[in-house]
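Taking it in order: structure first as structure tokens, then the write-up.
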Amino acid sequence: MPVRVRLDDLLHARRMTLTQLADRVDMTIANLSILKTGRAKAIRFSTLEAICRALDCQPGDILAVTADDEGNEA
């Protein structure tokens with residue numbers, strides 16, 4: 001079962017750009033973009049925690065397990 005990253009949805013809901021999030025969590029835009037597009041193979045708990053704090057959300061708001069036929073949307 002693929003894991004879908006819903007970071008783009010949260011950024012839109014919070015009216016925040018990827019650049020603003022990168023500044024708040026002290027990450028490069030390139031690394032956040034890899035996560036946002038679903039190309040990341042892993043995420044550190046410290047990174048997930050920082051993103052959750054910046055977006056005022058829970059890990060389940062960012063990551064979701066999808067059925068095999070849904071795939072990982074970019």
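The values are calculated or read from the model by the stated rules, or taken from the named source; none is laboratory data. Bear in mind the structure is a predicted one, so any value in this text is a computation, not a measurement. With ligands, DNA and RNA removed, areas are computed over all heavy atoms of the protein, side chains included. Shrake-Rupley method; radii C 1.70, N 1.55, O 1.52, S 1.80 Å.
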Counting only heavy atoms of protein chains, what accessible area per residue, in Å², does the chain have with a probe of 1.4 Å?
69
Contour minus Cα-Cα span, Glu49 to Asp26, at 0.36 nm per residue, comes to 7.1 nm
Short version: ³J(HN,Hα) in whole Hz for each residue of the range 5-18, in order, from phi by Karplus 6.51 cos²θ - 1.76 cosθ + 1.60 (θ = phi - 60°), x for Gly and Pro, what are they?
9, 9, 4, 4, 4, 5, 4, 4, 5, 8, 6, 10, 8, 4
Would you mind checking which residues have amide H under 5 Å from Ile43's amide H? H placed 1.01 Å from N; only 5 or more apart, or other chain.
none
Enumerate the calculated ³J(HN,Hα) couplings along the range 39-55 in order (Karplus 6.51 cos²θ - 1.76 cosθ + 1.60, θ = phi - 60°), each rounded to whole Hz, writing x wherever the residue is Gly or Pro.
8, 6, 8, 7, 9, 6, 4, 5, 5, 4, 4, 5, 5, 4, 5, 5, 9
